[in-house]
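Here the structure comes first, spelled out in structure tokens, and everything after it is commentary.
The values are calculated or read from the model by the stated rules, or taken from the named source; none is laboratory data. In this text, all values refer to a predicted model and were calculated from it rather than measured experimentally. Note that each Cβ is placed from the backbone with ideal geometry, even for glycine, and that neighbours are counted across all protein chains shown. Note: areas computed on protein heavy atoms with side chains; ligands, DNA, RNA excluded. Shrake-Rupley method; radii C 1.70, N 1.55, O 1.52, S 1.80 Å.
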Amino acid sequence: MGLLHNLGTVCILLGIPFFISGTIGLLRFPDIYTRLHALTKADNVGLGFVVLGLSLQADGWHTVARLLLIWLLVLIASSASCHLVARAALRKKIEPWSRP
Amino acid sequence: MMDAMGIFDMVLALALPWLGWRLLASPDLFRAMVLFISLGLLMALTWVRLQAPDVALAEAAIGAGLTGALFLSALRRLERLSEAERRLAFAGKREEEDEIPPERHRRAKPVAYGLALLLLAVFVLLLAWSLAQTPAGGGLGPAVGEQLGQSGVRSEVTAVLLNFRGYDTLLEVMVLFLAALGVWSLTRVRLPLQDEEPGPVLATLVRLLAPLMIMVAGYLVWIGGSRAGGAFQGGAVLAAAGVLLLLANVTVVRQIPAALLRWGLALGPLLFLLTAVVCVAAGGNLLEYPPQRAGAWILLIESASAVSIGVTLAALYAGGRPPEPPAQDRGGEQGPGRDADADAGGRQ
Amino acid sequence: MNTLLFYDFSGLALLAIGLHGLIRSSHPLRKILAANLMTSGVFLIMISGARGTGQTMIDPVPHAMVLTGIVVSVSTTAVALVLVCLVQETTNRALLWQKRKREKWGRTDG
Amino acid sequence: MSWQYSSAALFLLLAIVAGLGRILRGPTAADSMLAAQLFGTCGVAILLLLARGLEWEVLQDIALVFALLAALAAVAFALRTWGGTER
């Protein structure tokens, strides 16, 4: 249980608030475009922290490589699907929210 | 005193039926489907908690990925077909409230409920009886553990699937084959219901993900011998690659000759049957491999079935047999399908 | 207290809810969803019964059976979806029962 | 399993369950779909945490499959269910 292990735990625990704020954003934000931000940004940072923490605690480089691959895949998937959903929403002529 | 995992179990176990209930009660069909996709995800987590990684892997590929795409595309097709239906499905109230069943349906309902309750009661009784009958000590677990050395693989589930109860898997591959045959004999594939170009982001996504999916499918089949993974999981991921390519309307997919698809569908079942026949001819039981080469046999059969399962599931998603080659009846002139192909090719 | 026992009841509940939905809903897509819920419930009960108690081993046979079951259920779902689409194409309606008025409307719509 | 992994996994599960509310409420179809997307990311995180906490490497494979297929439903949604026709 060295320094790296504790640092990893701190990183994991740091990641959780990002997930929670992502969910709060999903629930509280006013329209689809703002909710996209909450999801694709907060959650991926949270996952990044978790991956970072787990990498610091990992036993070997292959585990780290797999963790990073998983994170990269989630990043690609969520950015692409965010783009597709936003484009579909724009084509549906959904007005972006603005402060009344 | 419950620890965090205990609460985790409780939340998950409560969330599953609640989700199921909301899913069926939701007025909007689309929302019901999204809830179903989420249910698949939670089911995968449940399998992990119940120490069934093989099942979790299959659920992750099928429940969270494939079934969602299947339902969403079917909903779209239904909606397109009739505006009235769209109003029904998206009206914001339950179609059951909107639609009063004819008299005989109304009378049939209590009967149906009575029968269902009876069925459920019988099921619960059977379950309790079988639980009471099961000897303590993990059912067939120890027996499988004893024989594992002879099976040629190190993963228990794979040993059961392809060696000890290989005929189950043989029949299951046949069921898939029959499903594909059924769909192919019913309809042809329509031109995809999609009226906008995929765009560069999707093209890049497909270019990145599809090869990776195929690679991961191979990895899962390979790793299936020693731990979670195998033909089903590999096949499901392969099918996901196929579905992604079909969705993005990549030209390559539509240029695959139908004969190749047919062979892809038949490869797994054929090889499986051939093995069974060879095993019987060599004097053994059905699918009783020679113990020293069992590992190689299993890997061969698994790879072939993975390809077949992948092709079958993707074909089921496409929803019909491949369209006729358009050049035939037009005497060399390009048909409408051809034109669409050329368009798709020109865009990329 | 074994918290994994919750999943047995969860499976039973899913089975009952699926059965209810299968009878009650009028739209075939919803019926397919309900049937899928039922299969999930059955799988849950099977896997939950297969887990080892304490030191005993996990029973891999139900795992293998559920694995085949998942693949079979997705293929039957796909066939059912194709059938529903075909039914709607030929009869121009998807609901299994409808009011008279609605039927007339549906005919003019097509 | 040590407390940090299990409690982190529990919080993520609670985040998922809270997010279900958006699926049920979401005014447009895309909102519901997005919430499902959120579950994918949370699910991957839960699986990774459990993989470490239970010392069970297989769970990383499951997380990998999750991450690979996360985009599939969203792509199907954006291109098929929601794409096209203006109302």
Report summary line: For chain D, longest principal axis from Cα atoms; helix D:29-53 axis from its Cα atoms; angle between them, nearest 10 degrees, is 10 degrees
Report summary line: Calc'd 3J(HN,Hα), segment B:151-159, phi into Karplus 6.51 cos²θ - 1.76 cosθ + 1.60 (θ = phi - 60°), Hz, glycine/Pro = x, comes to 7, x, 10, 9, 8, 5, 5, 5, 4
**Report entry** Paramagnetic reach from B:Ala203 (point 7 Å along Cα→Cβ, amide N under 19 Å) across segment B:224-253
**Finding:** B:244-253
Report summary line: FRET efficiency for B:Met215 and B:Leu119 from the Cβ-Cβ distance with R0 = 56 Å, rounded to 0.05, comes out at 0.80
Query raised in the report: In the calculated pair distance distribution of chain A, what percentage of Cα-Cα distances lie above 24 Å?
Result: 35 percent
Query raised in the report: Once the Cα atoms of helix A:61-91 and of chain A are each reduced to a long axis, what angle between those two axes, in degrees from 0 to 90 to the nearest 10, is obtained?
Result: 0 degrees
Query - Using alpha-carbon coordinates, inclination of helix A:44-57 to the longest axis of chain A, degrees - result: 10 degrees
Report summary line: Note: B:Leu300 to B:Glu146 extended length (0.36 nm per residue) minus current alpha-carbon separation gives 53.0 nm
**Report entry** Accessible-area order (highest first, 1.4 angstrom probe) of the listed residues C:His20, C:His27, A:His62
**Finding:** A:His62, C:His20, C:His27
Query - Residues A:Leu14 and B:Val253, FRET efficiency given R0 of 51 Å [Cβ-Cβ distance, rounded to 0.05] - result: 0.75
Requested in this report: Please compute P(r) over all alpha-carbon pairs of segment D:3-81, binned at 5 Å starting from zero, and give each bin as a whole-number percent.
Outcome: 3, 16, 21, 21, 18, 11, 7, 3, 0
Query - Amide H partners (placed H, <5 Å) of B:Arg321, local residues excluded - result: B:Thr187, B:Arg188, B:Val189
Report task. Would you grab the residues whose amide H sits under 5 Å from the one on C:Ser25? Only those 5+ places off in sequence or on another chain, please, with H modelled 1.01 Å from N. Result -> none
Requested in this report: Give the distance, in whole Å, between the Cα centre of segment C:1-46 and the Cα centre of segment D:56-71.
Outcome: 25 Å
Report task. With a point put 7 Å past each Cα toward its Cβ, work out how far A:Leu90 is from D:Arg25 in nm, to one decimal. Result -> 2.7 nm
**Report entry** Separation of the C:Asp8 and B:Leu126 label points, Cα + 7 Å toward Cβ, nm
**Finding:** 1.8 nm
Query raised in the report: For segment D:1-19, list residues with backbone N below 17 Å from a point placed 7 Å from the Cα of B:Leu14 toward its Cβ?
Result: D:10-19
Query raised in the report: Got a sec to turn the phi values of segment C:19-28 into Karplus ³J(HN,Hα) couplings, 6.51 cos²θ - 1.76 cosθ + 1.60 with θ = phi - 60°, whole Hz, x for Gly and Pro?
Result: 4, 4, x, 4, 7, 7, 6, 9, 7, x
Query raised in the report: Put a dot 7 Å past each Cα toward the Cβ at B:Lys109 and B:Leu181; how far apart are the dots in nm?
Result: 4.1 nm
